[in-house]
1. Could you work out the relative contact order of the chain, using alpha carbon pairs under 8 angstrom and six or more residues apart, expressed as a whole percent?
2. Region 11-373: D in µm²/s via Stokes-Einstein (Kirkwood Rh, Cα pairs, 4 °C, 1.567 mPa s)?
3. Give the calculated FRET efficiency between A89 and A325 to the nearest 0.05, with a Förster radius of 51 Å applied to their Cβ-Cβ distance.
4. Among V60, A371, A306, which residue has its Cα positioned farthest towards the positive end of the charge dipole of the chain, with +1 placed on the Cβ of Lys and Arg, -1 on the Cβ of Asp and Glu, and the dipole taken about the Cα centre?
5. Please give every one of the lysines within straight-line cross-link reach of K248, meaning a C-alpha to C-alpha distance under 18 Å, and leave out same-chain neighbours fewer than 8 residues apart.
6. Would you mind calculating the gained length between H117 and S379 on full extension (0.36 nm times residue separation, minus the Cα-Cα distance), in nm to one decimal?
7. If you place +1 on the Cβ of every Lys and Arg and -1 on the Cβ of every Asp and Glu, how big does the dipole about the Cα centre of the chain come out, in debye to the nearest 20?
8. Hey, got a sec? Which chymotrypsin sites (Phe, Trp or Tyr not before Pro) in region 94-148 land in a DSSP loop and have at most 10 other Cβ atoms within 10 Å?
Amino acid sequence: MNDSGPKPHASTNPPPDAARADRAEAEKRYIELVDEAITDFLTRQRLVMLEISPEAMPLVDHIETLCSGGKRMRALLAYWGWRAAGGSARAPEVVLAGAAIELFQSAALIHDDIIDHSDTRRGRPSVHRAFEAMHRDEGWSLNGEEFGVMGGIVAGDLCLSFSEAVFASIGSQQASTGRARRIFDIMRTEVMAGQYLDGLSEVMGTEDPEEAIHRASTVIRYKSAKYSCEHPLTLGAALAGADEALLKGLSDFGLPLGEAFQLRDDVLGVFGEPEVTGKPAGDDLREGKRTVLIALAERTATEEQAAFLESHLGHPDMDEKTVEAMVDIIRDTGALAEAESIIRTTERQVQAALRKIDTEPSIIGALEDVASRALHRSS
């Protein structure tokens, strides 16, 4: 449904500042609607939990706490994909789609934090650590850490189930058996496969530098890039009945945007400020993440530098001095500069793809704004 009538002549467009303000207001209202949809759904789930047992309520509580944070970038991309295909601004379908995507994001974060042994998320205890703290505060028996992992796994599974329930409630043919449903399903499969490949890369250890870069790039694409940017865009457009040309244009824009977004995330995972990112300095290094940044460093590192990286990467009790030494190696090998260069090159691809999307100028401006926020961020 990309035929929304003739596009306005440039002279009829509002001034850039006014157009940007209009888009910001539309995004603000949409995010409010998505937040309301998530809150309403979780409120209903609390009633279900009460019927089962009040003791199960922390599952929903911790999901809601996690869902209350974040920038809603994925939901916003679904919204602008929907609008690009001619969807109306406040249609319930795209609100529910945004809520489903954000619940899926929360489920992925819960499980990712367990896998990575992360203590914090968005400046608060990660969900499994919150369950562990509950065990400690109540003075319960057996192993508190194991209880925390159990609670986190169940909460993540439940959140994944919630995501599916919200998406199914859209009720349209596109969400039931059409292109939008296929995108939603493949998105979830790809993230799970990407998560496994991420864990696999950590245990495989040292390999040929070019192979390591290729492997890390594959993880970026399937664990993050597609579900962070490409799939939300195309899912929103598909819900509105977009034709194949528009879907391809959005995909060509969204995939490189997602890859650059994740590479920026990897840079922040090493060089970001903890008070801004909400995670401790060097957390990715302690978790042993085999990112593109690490692969780039090992490709040009001296034998001594490479040995130092390999001997310390993935040590959860790494002290600050060792973290600083690893950060210095990553910078001195030119890996940081090369990663920034890749981000800039990919950003040019994003801009080129954006110019080819056949939709209203105001929608192009909105996508450009979202891309800028995704690539030029500090958290």
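Throughout, read-outs are computed from the coordinates displayed, never taken from laboratory work. Predicted model, so just to flag it, every value in this text is computed and none were measured. Note that we place each Cβ from the backbone using ideal geometry, even for glycine, and neighbour counts take in every protein chain shown.
1. Relative contact order of the chain: 19 percent.
2. 60
3. With R0 = 51 Å, the Cβ-Cβ based efficiency is 0.50.
4. Going by the charge dipole, the pick is A371.
5. The qualifying lysines are K226, K356.
6. Working it through step by step, the gained length comes to 92.3 nm.
7. For the chain, the charge dipole is close to 1640 debye.
8. Counting only loop positions with at most 10 other Cβ atoms within 10 Å, none of the chymotrypsin sites (Phe, Trp or Tyr not before Pro) in region 94-148 qualifies.
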